[in-house]
Structure formats: C-alpha cells, structure tokens
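**Q** The structure under discussion is supplied below as structure tokens; questions concerning it will follow.
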Amino acid sequence: MFSSLLQKATAFITDVPPASPTSPTSSRPTKTTLFRNHFRLPDSQTPLQEITCELTLPSGDHYAGKLYLSESFLCFSPNPPSSSSTASATAGIGFTLPLCAIRRVERLHSRSYMFALAITTWHGVANSTSSPGGKEERVTLQFVGMRSSCEAFCDRLKRGLRSQMGEVKNLRILVDSCYSEYLLGNSGGYDGVKRTTDGAGADDSRKKDKDPPDAGLGMIFKYPGDTRKLRDRSKMRLWAEYLRANFGVENGRNVTLVRQPTFHKLIRVGLPNRLRGEMWELSSGSIYLRLFNPTMYRDILQEYDGRHSHSIEEIEKDLNRSLPEYRGFQDDEGISRLRRVLGAYSWRNEEVGYCQAMNIVTAALLIYMSEEQAFFLLSTLCDRLVPGYYSKTMYGTLLDQRVFESLVEKTMPILWEHLVKSDVQLSVVSLPWFLSLYINSMPLVFAFRVLDVFFLEGPKVLFQIGLAILRINGEELLDATDDGAFISILKSYFSRLDESAHPRSDNEKLRAVTRFQELMVVAFKEFAGITQNTIIEQRNKHKDAVLSSIESFAKRTQLRNLGPDSRRLTPEELSCTYDQYFGVLYERQGRLQMIADEMEKLATKKKAAAGSGVGGNGGERGRVGLGPTTGETGMDYDCFREFLTGVAKWAVADSVASTPAEPTQPEQSGFFGSYGGAAAAALQRKNLLNPWGAGNPEPADHEFMRRLFRRWDTDMKNQLSLGNVVSGLASVVGGKKDIMGNINYWFELYDDDGDGKVDREGILRITEALLFVTRRGDVGRSDGEEAEWGDERILSAVSGFTRMCFEYADPDRPKKEEGVIKVDKDEDEDDLLELAASSSDEDPLDTPETVSPGERSPTTPHPKDNAKANLALDPSNPLHITLPTFRMVILADEVLERFFERGFAESFKLIPGSEPQATAANPRLMARMPSTPLTPGNAKGLRGVLDGIVDEGMRVAAEVRRRMEEMEDNREEEGEEGEAADAKSIREGDRDLLKGAEADIQEGQGQTDGLHIEKGGGSKGEGRGRSVSYGDQISSRVVEFES
Amino acid sequence: MASRDEAPKLSSSVKLVLLGEAAVGKSSLVLRFVNDDFQENKEPTIGAAFLTQKCTLPTRTIKFEIWDTAGQERFASLAPMYYRNAQTALVVYDITKPTSLIKAKHWVSELQRQASPGIVIALVGNKLDLAAPVLADDDGGEEGGDAMNGGNRAVLTAEAKAYADEEGLLFYETSAKTGENVQGVFEAIANAIPESTLKPRAGAGGFAGGSGRAGAGSGGGDAGAAGMAVNLEDGVRAKEGCAC
Ligand SMILES: Nc1nc2c(ncn2[C@@H]2O[C@H](COP(=O)(O)OP(=O)(O)OP(=O)(O)O)[C@@H](O)[C@H]2O)c(=O)[nH]1
Ligand SMILES: [Mg+2]
C-alpha cells in the first residue's frame, strides 16, 4: 500500500519536466532539430553561437541575416530556422560552410567601430594564384551586436577552426570526387563545359591528366532522356556561370557554395545530368555525412562482405527488378553497384534493412551519382526526408497517406466528397507515388525533375505534386466512380506528361507549355501554402491513430500466427499477454535509451565529433507501430523480470530498496515538502535513471525466475520472443489445470541434466522457489469453506516438503551400478502404478495432533527419522529424488497439492484488473499480521510481514544448510558401513511412503506437516534469533530473494 | 464453343486480389492473364497494381478487377486496403520455395477471418516450369535440393493439395512463364463464384452490401490497415469479433 503510494508520488515528481520519451505525440521539433534541418546538418551538430550579421559577397551582394556556429559548421541564413518558413534555408539564401573548408579568417580593420570578419575558403585559396584580384575571393561578415558577444562568437569560431583542422584531408578527398570541381577546376571557360557535356567518351587531349569523377551510371550507359530536349548543355553553362560568379572568381562550389536566389531557380528548371548527383547531395545535406565519414561505405562493405541476412536475401530477389528498362541495370555493372549500396545500407540501418521501393529509388540515384554518394543520400532519405517510409511497419508511409488525404479533403473538398461517395480509396493510388518518390509513376525524366526540387525543399514537395496531379485531373476524376476508372485516368495522365498542356491554344507560348511544366506550376504556385510546417502539424495530428491501427493489425496478425501453444490461452489472455509483452519491451527500450543518453550527457559534456549521424535514426521508438529497433529480437532476462511483475505478484521485489530516498515514515503528510529543491532535482535525476522506470514495481531476481527464463527460451537465444512467452505461459497456466503436469513441470525445471533426478542442491532450490512464489500467502483459491491458510501453514508445508524430500531421496549409486539404478527407477514407476490401483489403509505417516484450532502443529518425528534425515543431509552422501518421489512428496501435503493443482497457475494473472495491485498487501496477511514486531528494526507495515515470511523461508533453508554442515562434522566420526545400511532403509521407507501418499490422495487429506526442525521448533521469535546467529548464510541467501 | 441460345448470360464484375510472398510471380500471373505476356525481370510491385480483364465462360461473363499486391512482409499491413470487398483471392506461392507456402497459409487464414465472408480463395503454386518435367505431377519429387539452379520443386503437389482440400480452397499449379494453367485458374474462379454474390456490371465495388461507409471520422476500431482505416473499416469490422 505504502509502496504503491510512494511509487505514485515519485512518478508524479519525475513525470513533470521531461516529456516522456515514449509519448509519440510529443514530437514538436526542438530548436536543435530545426537548426539541423534548416541547414541540412548531420545529427552531431548543435547550434553553439548565433549572431546577427550582414553578409557581403565578393560580387557586392548584401544580405542581412543570422550567422550560426555549430561544432563543425558556420552557417548563414536570412531567415531564422523554423518549421514555418516556406522553404528551408537551402532553398533560400545563405551558406552552410564546413569549418574545415575555411582557410583564413581575418579581422577587418574597418573604418568605424564595426566588428567585421573576412573569410577565405578552400576554393578561394586554391585558385588565388591564378586570380590576381585577391580581395574579391573573400566573404565579409559584419557583425551586429554587443562587442562582447562578437568576441565570444569569434572565440568559439577560433576554437572550432582549430578542432576541425584534422578534417581538411577529408575535405580534399571529397572535393576531388565532386563533378563541379572537375567542371571548373580543369577548364578555363565555357569550352570546357562543352567538352565535358559531350558524353563520357569525349576525348580531350588537354585533360588526360585527370579523369572526371564518377557521376553515376549515366556516364557509362547514357543518362535517361534526350540530352538535346533536356537542354542539358545550356543548363550546364548556366551552372558553371553561377558557380563561378557567386563566390568570386573561380570560387564557391560544392561545400563552399553560396546559395543565392538563382541557385533555387536553376534547380527548378531541372539539373544538368552530370551535376545532378552533386546538387542532390548538397541540397539534401548528405554531402556532409560523406565528408565526415570518408571510409564508412567501404568499411561496411568490407566488414560485411559475404555475410547473409534476411535483407540481403530480399535485396537479391529485387536486383534484376530495379528500373529494368534502363540499360545500366541490364548490365552487371549497374546490378553490382545496386547490390552493394542496398546491402551496405541494410547493414548500416538494420531497423530499416531493405524495403521494396528502396531498390527503385536507389537505382535512380545511381544513374546520377557514385555508389558512395548514393549510400549517404539513401541514408539521409530514410532518416530525415521520409522517415518511417521504409521501416518494418512502414508507419511513415501510412502516416503521410493519411496526411495526404486530409490535405485533399481540405484543398479539394468536392473531389474528396466524390471519392468518399464512390468508395474510392485515395491511397491505393497515391501510396506508390510517395513510396517511390514518383519514380515509379512518372516517366523517369520527369520523376528526376521532381526529385531535384524534393531534395532541395523537402518532403512537402511530394504532397504539393500529389495535390497538383489531382487538381489538374479533377474534372475527369469527378466522373470516375470506382478505383479502376480512377487509376486509369491517372495512368494515362502520367503517360502524356510531355505533351502540350494547351494543345488547342492559339497562343504559341501557351501551346509550348508541357503538361509537366503545368504540373510544376500548379504544385508550387497553387499549393505554395503547403509548407513543411503544414506537414509536421498534420503528421502530429494523425500519428497516434495511424500507429494504433498499425498496432492492432500487427497484433491480430501476430497472435494468429503464434502456433498451437497459443490456443491453450484464451483470446483475452493472449491479447493481454501481447500488450504486456510489447508494453514492457518498448517502454523499457525507450527508458534504457533515455538513460544511456542521460549518462552520456553526464559523462562527456559535449562530444564535438562531427562523425556518425548516419542512419542513427535518433528519432522515436517505443511503440510497436514504429517497428522493432536495432538488434531487438525479444526480451532478455531483465526485461523478462519486468514482464513477470506485470503478470505475477511474486515477481515483484519485496522492498523498494532501489527507489531512491525512501522516507522513513510513510505516513508523514509532508511528503513532498520534505524535499528541498536540490534534493528533488537529485531525486528526479535518479528516478530518471531508474532502470525499471520511475513508478514501476521493481522486479525480484530469484533463481526460480532464471530457470523459468531458460526453460521458456526454447531457441536458446537468451531472448524470449512473443511466441516463447506465450508458449511458456501456456505451459504453466494454459488449458485445464493438470496437477501432474504441473508437478512434472517443476521437476523438469530443476532436473538440470534431464536425467530424471534432482539432487540435494536442486531440492534446496525447489524449497527456496516454493517459498519465494508463495511468500505472499497465495497457494490457490479455495473452492469451499476450507482453506484460509496462514503463512505459517504454508511455511510448514514447504519445510515438510524439504524434510520429506531428504527422507525419501535415493542415494546416488556408484557409477558401475548404473544399470541397476535404471531397474530401480522402473520399479518405482511400476510401484506407483500398482499402488495407485490398490488402496491401502495403512498410514505410515505421522498422525496429526491438533494443538490449536485452525493451526496444525509440528509433528513429532519418528525416532528413526532423525538418523535417516541426518544421513540424507550428509553432503558427502550424494542423493537425489526422482519424479515419482517428488510427486509423492507434493501429494502428501494438502497445501502443496493445492499449490500445484491451481495455486501456481493462478499466481499468474494475465488479464489485468482481475488482480489486486501487484504490490498491494494481501489483506489476509495484513489481518494476521502479528501485533508484535518480528524484529525491532523492521516493525512497521507490509514490509515487516513480507520480510518475516522471507526470513522464515531463509531460516528453513539456512537450517537445512546448517544441518548439512553439522552432518559433515558427524560424518567424520561415523563409519562408512553404517551409511550403506541406512541407505537401504531409506529405500524401504520410500515404498511405505508411496502407499501412504496414495492413500492420502484418495482420502483427500494429506496431513504431514510439521515444521520439522528440531531445535528451531515453533515460535517465530526463536526462529528469528536463530537466523541472526547464522548471519552469514542468511544474508547470502537474502540476496537471492530480494536483490 | 458454348451455344448462345440460352437465357441471357450473367455479366458481372468481380474484385480479385492477389496475395503471396515477394517474387512468387503474382504480377507475372496477372500479366500472363491480361496480356498473355511474360517478362523475365518484372519490377516488384510497390503498394499494389490495378488491372482488369474479362473472362468469358459459357454461362457468364466476368470482368475481373484485379488488385495485385506487393509481397514483401512489411507491406502486409497494407493488404486489408486491397482485399476489402474482394470476392475472390489468389494466394500464390512458389513451388521452389517452401517458405512461400507457409506465408500463403498465413494469408489464407487472414482472409478467412478478415475478408468478406464467402470469399473464394484459390491456392496457386507458381513457377511450375521450374519443376523437373518428369516429376511435374506426382509426389516423387526429390526434396528441394539446390533450388538455386532452377529445376527444383521444393513443395510437393500432394502436400499443397491436401492443405487446400482441408481449407476448402481451389488449387492449381501454374507457370506464368509458359502460361500453363494460368487461364485455368481464372476460369475456375469465375465458375466458383456463387451466383448470389454476382451483381450487375454497373456499380463495381461494394459487394459487402449494406455495410455502407462509415463517416470519415470513424477512427479507432480494430480495422486492418492503418491510416486508410477510414475507408477500410466497414468491410472488415463487421466480422471483427475477437482480436485475433
Ligand atoms: N521461371 C519462372 N519465373 C517466374 C514465373 N513467374 C514469375 N517469375 C519470375 O519471378 C520473378 C518475380 O515475379 P513477379 O511477378 O514480379 O513476382 P511478384 O509476386 O509480383 O513479386 P512482388 O511484386 O515483389 O510481390 C520475376 O523475375 C519473374 O520473371 C514462372 O512461372 N516461372
Ligand atoms: Mg508484383
């Protein structure tokens, strides 16, 4: 009671400030995220400094805006990063300059008090010898702000520059692979451009020294489309001009490029073939990943060379089926590139692995870029541009379909109504558009034009194009009344994108406008209102519903395919088990992730390393709908413990020891008041780091639980899948409660080597497990009047169990007589059967003496028992029990019988709500709580009682162990022959007992209790005292029960 | 072939959905049926493809509205969107890949529980041309062997047939490549569709009758495919019952 209060209280404290990591609705982008997205920076970057500033380009153009500094970048943008800006920064003006590309920063001695810097970049220096006008190569930045903040910015910049010096070698590698470098670096003027656009085989005597960098399969197999029609050459000329002009003479390209309005326009009209790949990289930001991870792609290929996986298999299936109409993919060269890129990505991001459609997208990329470029662009695509599209649950795809539908409803209500009325499902049409980024829907040349803008402006482009398609075809679509008609209208539209949009117009200019051009205009003019912000908002709005329906689908499917074991649980039990399984699995994952993050934050203040950030998928997790996370195959043992706390009370640890700052007096009303601010913060952090989650019951860790885990882990993976858990649960609670089955089950749990014997250690462990599982006083609901068994009664049953096990155990025979043992075993079984048939009236067991009502007294042992038991406990005399013995011992006691018949199964409560709160006290136990404290220190509340019980159990185990030790001493005095004789008598006793046990079953009363511990005897007080005197042993056992 | 002088022929459109593991040849079967063509390298289906084809029988003319779905596992959650209101389904596996039959069985049980009641299901083992010719039609098939090299049946006809009988499915082995049995499957299906579920050609689609569309806001529910639940729920929900 108190502990649950405490948990609620702590949960309350901790839940306030940080948004729970598992809550999918809390996805408002943070400032850092906005910053990264705005400038297309890797996940390793955070905004460190910002300052208002005026940018002056060598050309003389001025822009006012803000300058930002992150760990590895200096960025400028006239508009602040926000999700509401119509286009993101890369679509607008500014630059994203890696610090390693800065060669020199000079403080300008300006005429006034102004604070100004002049920046010379890599490209400025590289060409400064050839261009005399040194001054113009520089970008000047005039700071606006307090002198101190200017200084601070510069200071940070200086440090950043120094730390990034090591990256210069990577920059060199990167720059060499950029086509723009080749375009401008090797040729003096337009004639150079002309040469390079003439085709791959252009022979050029002046430039034999340097081969052009890999600009995709197109260089070998030709780029799709008619170069003349695409006006590729003029496009290239315009780009060369832009690259040259915008940052001074022969300056500013690839990483040092400055974006001016023309940049944007040039992309809208379509990129030239050879620059396309580089510009895609640049506008999506994937180039920065490549810059900082220069060997990653090759390393992955090398590391996973020859390795197999499910993804690799799936990739293999699709290699021949990716843009098969393009010549490059009818060739081994193209196929191999595709294989490597898809394979490498599947290893890099196993959460995504491989999804059909990725083959098509990647194939498209490979036409324009090298393998390595495609690899990083694919990463950026999957992680940032269309997150969740290709994931295992494809939640991103489904979510965006939902978003698209709602946008259609909003912007084209009449069409929407028509769709609804004619029962046409929009997403059957639009899903492939989004999933394959239109590559599969439109003729390639047009799809690439869409991609040009998409990489620059982001996912909103997919929506704008989609809406425009529907708008343009609206009238025709209003006539369509079923999916089929709907689809064929759009199919024919796509096939005629190159035709005139206004074929019958008198205006020649209008006639020249193609349908594709019209599409672009409608998309970006008419639907200009669809911004990134719109999309983010809409995604947030629909996310929960989409995830929920994915989850219910997944649940239905998974449960259906679980196999025959699952039929032993009721549908409701199955459903609850599923919820509990994934609830724990994902909540735990989210929690551990958060803890890891927190730890990292604590450990290293900030790791400035620019690396990584590829495929990290730092995003969300913690829901089935989001798909499995890396390496997740099931529950490990700790997770299993947590799972058990939700289905079995006994799996909850007794003390709340690891919940921090447990107040000593729970009733205290000033609970919250008792914490100072600092203390509360500390508590909060601690709770944040609580591996079990603030407010969750802490799981016990008992050897019994480990055994269950191992038993359920039938695939030996050290992990339990849902199937394992369901089968496991089915085996303990499923179907009709079968006492013999349950007894066998326990026996097998402890028969480690499966030889049909449980040895002395095993018997002790079973004892401990019985005590552990029943320590809350639960041994099974009673049907009738009978049965309010007290914990004393349970204890005595368990200790009786131990005693009898030892009494009737078989001695291990010397190895040479192994054959004999076998015969004996068989005999045992036969006897059991025989005896079961005949009912014996003889009762060799002790007759119970009633001492007080409702409580059974310990029985006086047979005089001979002592010696036998002593011998049984002699560790030098190896012994074991067999299944029949075990069965007999269980059946000889009413309490144990009940426990195995029902109690154990009933201790699992698969359906929540049908059980009292896991940690709540058993009212019966509370009622019978002794009025005097068991131990002075631990007097109050539930814990006292629980401790009492556990201690009691410890005492039994300790007692047994103590006696074992005692026997050890005795052994030294006794002779060997005596033992042999006694062993024989045990066998005889065994037989007698079997008769008795059977008789007992038939009469429905097994009354063989007795807290059979001679010295310990009855009273708890004494027991307690004793337990103190065996201090060492006890505390070591306590660990097993409580930790 | 059939005499034309009987009662007016039934003419009706029928929604058919193809399900099955990736690359078993669903799209190829459709291509063979619709265009009598075969492509060695057929692009994987993204989401789904839609085609129509008429099938003329002595007693009825059926216009199939075919939804060819994507086979990869992760697309499975989209399937309800396509099989809703389907009167018939082709569940396809590849006779050289035993796992594809397991997947097919999953689809069959999903359809039996979630699709329109009375849906006609055909189990189709495709790529029959890859089975060693001699063993094509009896159980003497050698165990799988090196499926890599083609020429290897790995699923025995008898095994699949027994399963199909048990579940009450039509059963065929086909080759989209040679065209063997392809027409046969579609004709058998056209014949197997109970008259009662056929309706005049005019309004395609809503065979599940009566269920009517729930309002756009009908969120939640246990319905299958995410997101699109709005449209998809009714067909499925009617027989939801339990969670599995
Ligand atoms: N030998 C042989 N190959 C076939 C046959 N049918 C299909 N294929 C080949 O198998 C591959 C996959 O065929 P698809 O029709 O695309 O398979 P699918 O089931 O539609 O695949 P998804 O769309 O990915 O689900 C292609 O390369 C086909 O050429 C057949 O009957 N015999
Ligand atoms: Mg297909």
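The values are calculated or read from the model by the stated rules, or taken from the named source; none is laboratory data. Note that the structure is predicted; figures quoted are calculated from it, not measured. All Cβ positions, even for glycine, are placed from backbone atoms using ideal geometry, and neighbour counts span all protein chains on display. Ligands, DNA and RNA are stripped out before the accessible areas are found, and what is left, the full protein with its side chains, is counted by its heavy atoms. Shrake-Rupley method; radii C 1.70, N 1.55, O 1.52, S 1.80 Å.
**Q** Would you mind getting me the FRET efficiency between A:Ala64 and A:Arg307? Use the beta-carbon distance for r and R0 = 51 Å, nearest 0.05. Kindly include the intermediate steps, with their values, before the conclusion.
**A** Values: r = 53 Å, r/R0 = 1.05.
Efficiency, from the Cβ-Cβ distance: 0.45.
**Q** Grab the Cα-Cα distance for A:Asp812 and A:Arg496, subtract it from 0.36 nm times how many residues apart they are, and report the gain in nm with one decimal. Before the final figure, lay out the partial values.
**A** Details: separation 316, 0.36 × 316 = 113.76 nm, distance 8.80 nm.
Computed gain between A:Asp812 and A:Arg496 is 105.0 nm.
**Q** Let me check something: with ligands and nucleic acids excluded, how do A:Lys410, A:Lys235, B:Lys161 order by accessible area (1.4 Å probe), largest to smallest? It would help to have the intermediate numbers written out before the result.
**A** Working: A:Lys410 130, A:Lys235 30, B:Lys161 85 Å².
Greatest to least solvent exposure: A:Lys410, B:Lys161, A:Lys235.
**Q** What does the extension gain come out to for A:Thr262 and A:Thr570, with contour length at 0.36 nm per residue minus their alpha carbon separation? If you can, show how the numbers build up before the last one.
**A** On the way: separation 308, 0.36 × 308 = 110.88 nm, distance 6.66 nm.
Length gained, A:Thr262 through A:Thr570: 104.2 nm.
**Q** Another question, if that's okay. In nanometres, what is the gap between the two model label sites at B:Glu40 and A:Lys158, each 7 Å from Cα along Cα-to-Cβ?
**A** 6.8 nm
**Q** Return the residues of region B:50-64 for which accessible area with all protein chains present is lower than in the chain on its own by 10 Å² or more; set the probe to 1.4 Å and exclude ligands, DNA and RNA.
**A** The answer is B:Phe50.
**Q** So for region A:217-385, considering every pair of alpha-carbon atoms, how many percent are separated by more than 24 Å? Kindly include the intermediate steps, with their values, before the conclusion.
**A** Details: 5674 of 14196 pairs.
Pairs farther apart than 24 Å: 40 percent.
**Q** What FRET efficiency would be calculated for the residue pair B:Gln112, A:Leu510, taking the C-beta separation as r and a Förster radius of 56 Å, to the nearest 0.05?
**A** Numbers: r = 57 Å, r/R0 = 1.02.
The formula returns an efficiency of 0.50 here.
**Q** Also: Using R₀ = 25 Å, calculate the FRET efficiency as 1/(1 + (r/R₀)^6) where r is the Cβ-Cβ separation of A:Lys169 and A:Thr46; round to 0.05. List each step's numbers first, then the result.
**A** Values: r = 24 Å, r/R0 = 0.98.
E(calc), rounded to 0.05, equals 0.55.
**Q** Next question, about the same structure. Tell me the net charge near A:Phe640. Cut-off is 12 Å between Cβ atoms, A:Phe640 excluded, with +1 for each Lys or Arg and -1 for each Asp or Glu.
**A** Residues close to A:Phe640 contribute a combined charge of +1.
**Q** Follow-up. If you take every residue apart from A:Ser322 with its C-beta less than 15 Å away from the C-beta of A:Ser322, what net charge results, scoring Lys and Arg +1 and Asp and Glu -1? The partial results should precede the final answer.
**A** Details: positive: A:Lys317, A:Arg321, A:Arg327, A:Arg337, A:Arg339, A:Arg340, B:Lys42; negative: A:Glu314, A:Glu316, A:Asp318, A:Glu325, A:Asp331, A:Asp332, A:Glu333, A:Glu371, B:Glu40, B:Glu43.
Residues near A:Ser322 contribute -3 overall.
**Q** Please check region A:553-586 for residues whose accessible area, probe 1.4 Å, is lower by 20 Å² or more when all protein chains are in place than in their chain alone.
**A** SASA drop of 20 Å² or more in region A:553-586: A:Phe553, A:Arg556, A:Leu559, A:Arg560, A:Asn561, A:Pro571.
**Q** What are the residues of region B:7-41 that lose 30 Å² or more of accessible area, with a 1.4 Å probe, going from their chain alone to all protein chains?
**A** Buried-area filter returns B:Ala22, B:Ala23, B:Asn41.
**Q** Using a 1.4 angstrom probe on the protein heavy atoms only, could you order A:Ile439, A:Ile414 from most to least accessible area? Don't skip to the end; give the middle numbers.
**A** Working: A:Ile439 5, A:Ile414 125 Å².
Putting A:Ile439, A:Ile414 in descending order of accessible area: A:Ile414, A:Ile439.
**Q** Let me ask something else. Where the accessible area of region A:217-385 is counted over protein heavy atoms with a 1.4 Å probe, how much of it, in %, is carbon and sulfur? Each step should come with its number before you reach the end.
**A** Values: 2670 of 5650 Å².
Looking at region A:217-385 in its full context, I get 47 percent from C and S.
**Q** Estimate for me the total accessible surface buried between chains B and A (protein heavy atoms, probe 1.4 Å, no ligands or nucleic acids), in Å² to the nearest 100.
**A** Values: alone 11940 and 45660 Å², together 53210 Å².
That pair hides around 4400 Å² of surface in total.
**Q** So, in Å, what gap is there between the alpha-carbon centers of region A:435-499 and region A:286-349?
**A** Each part's Cα centre sits 28 Å from the other's.
**Q** Counting pairwise Cα distances across region B:54-120, what percent come out greater than 19 angstrom? Before the final figure, lay out the partial values.
**A** Working: 870 of 2211 pairs.
For region B:54-120, the share of Cα pairs beyond 19 Å comes to 39 percent.
**Q** Now a separate question. Over region B:1-134, how many pairs of lysines fall under 26 Å by alpha carbon, counting only those 8 or more apart in sequence or from different chains?
**A** 29
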